[in-house]
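Novice: Handing you a structure now.
No lab work stands behind these numbers, since they all come straight from the coordinates. As the structure is a prediction and not an experimental result, all values here were calculated from the model. So basically every Cβ, Gly included, is an ideal-geometry build from the backbone, and we count neighbours across all protein chains shown.
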Amino acid sequence: MTPDLMEAGARLRAAHDARPPAKATESGDRGASYSRVVQPGEVDVTHGAILYLDDITVSFDGFRALNRLSLSISAGELRCIIGPNGAGKTTMMDVITGKTRPDEGKAYFGSTIDLLRLRESQIAQIGIGRKFQKPTVYEQLTVFENLELALKADRRVRASMFFRLTGEQLDRIGEVLTLIHLKDSAQRTAGNLSHGQKQWLEIGMLLMQDPKLLLLDEPVAGMTDEETERTAELFLSLEGSHSLVVVEHDMKFIGELTQGGRNGKRVTVLHEGSVLSEGTLADVQANDKVVEVYLGR
Ligand SMILES: Nc1ncnc2c1ncn2[C@@H]1O[C@H](COP(=O)(O)OP(=O)(O)OP(=O)(O)O)[C@@H](O)[C@H]1O
Ligand SMILES: [Mg+2]
């Protein structure tokens, strides 16, 4: 047997051993813990890319919202996407998440998962989380309950437990509360949070489902300057362990994201459904066409 095959076999065996027992177990039992199981078809990033779009075209009544768009995001990367209104940024997220089917092109999650063959719900299930512009938290529930609910929405968790939290899951909620700066507000009713805090809570709800790729569409719209800065810190803390695609018009925020964390962060400028420019923030800011169509002089 080749070492590759032996390794694959060992991985399968480990996955089998880690599988929760068929019978539901008591909450708190080892078997009930939130253990990720390696699924066949788990995202394969051995070639470096977590997301790969190639020549994607989306037409609405003949109008090309995306026009042969190609884009590749590396595993662990935090990519900023900017561009004028109508450039196709949200449509691109609609394609990645299965909400819109392109007329042409390819979309892969890792090197093996063909996103164009999956339904929206399946795409969420394999680890692509999306944050829409408007926060959609459960206003009547507490912050803690919102996170708890997000955890239970995960089929893998539902399958392995009665709806009672294990110690591990409580720890995870605690970690996420700290990340989203809401530790002291865990028992507050979500409806009473500020707009920025609601946005964080929604990001926290996404994180509870442990996505590998996070798509964030205008996440700091309507936030105060301080909330915006904290959001940049939050995203930078996720870089590496998650891959993030952040669409924003707020250039101060884009500046904070590109200056912090890993070096050499890339910014992609979309215009009329295609990539107009890509490089460091300084690169794209120095591009005459980008200045003309978006940044202004
Ligand atoms: N369902 C749809 N039907 C028809 N046209 C659409 C549809 N969705 C988007 N469009 C058009 O496609 C283009 C791209 O829209 P999209 O929302 O992707 O832009 P965007 O880059 O996200 O802009 P913004 O910065 O304003 O959010 C726009 O001209 C928009 O009017
Ligand atoms: Mg948009």
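Novice: Mind giving me the nanometre distance, one decimal, between the label points for Ala186 and His47, set 7 Å out from Cα along Cα→Cβ?
Specialist: 4.4
Novice: I need the shape label for the range 113-226. Rule: rounded when a/c is under 1.5, else prolate if a/b > b/c, else oblate, with a, b, c from the alpha carbon gyration tensor.
Specialist: On the way: a/c = 2.06, a/b = 1.16, b/c = 1.78.
Oblate, because a/c is 1.5 or more while a/b does not exceed b/c.
Novice: Separate question: Set the Förster radius R0 to 41 Å, insert the Cβ-Cβ distance between Leu141 and Asn67 as r into 1/(1 + (r/R0)^6), and round the FRET efficiency to 0.05.
Specialist: E(calc), rounded to 0.05, equals 0.45.
Novice: Here is the link list: Lys212/Lys252; Lys134/Lys265; Lys99/Lys183; Lys99/Lys289; Lys106/Lys289; Lys106/Lys265. Which ones come out longer than 29 Å on Cα distance?
Specialist: Numbers: Lys212/Lys252 26 Å; Lys134/Lys265 27 Å; Lys99/Lys183 34 Å; Lys99/Lys289 31 Å; Lys106/Lys289 27 Å; Lys106/Lys265 25 Å.
Distance filter (> 29 Å) returns Lys99/Lys183; Lys99/Lys289.
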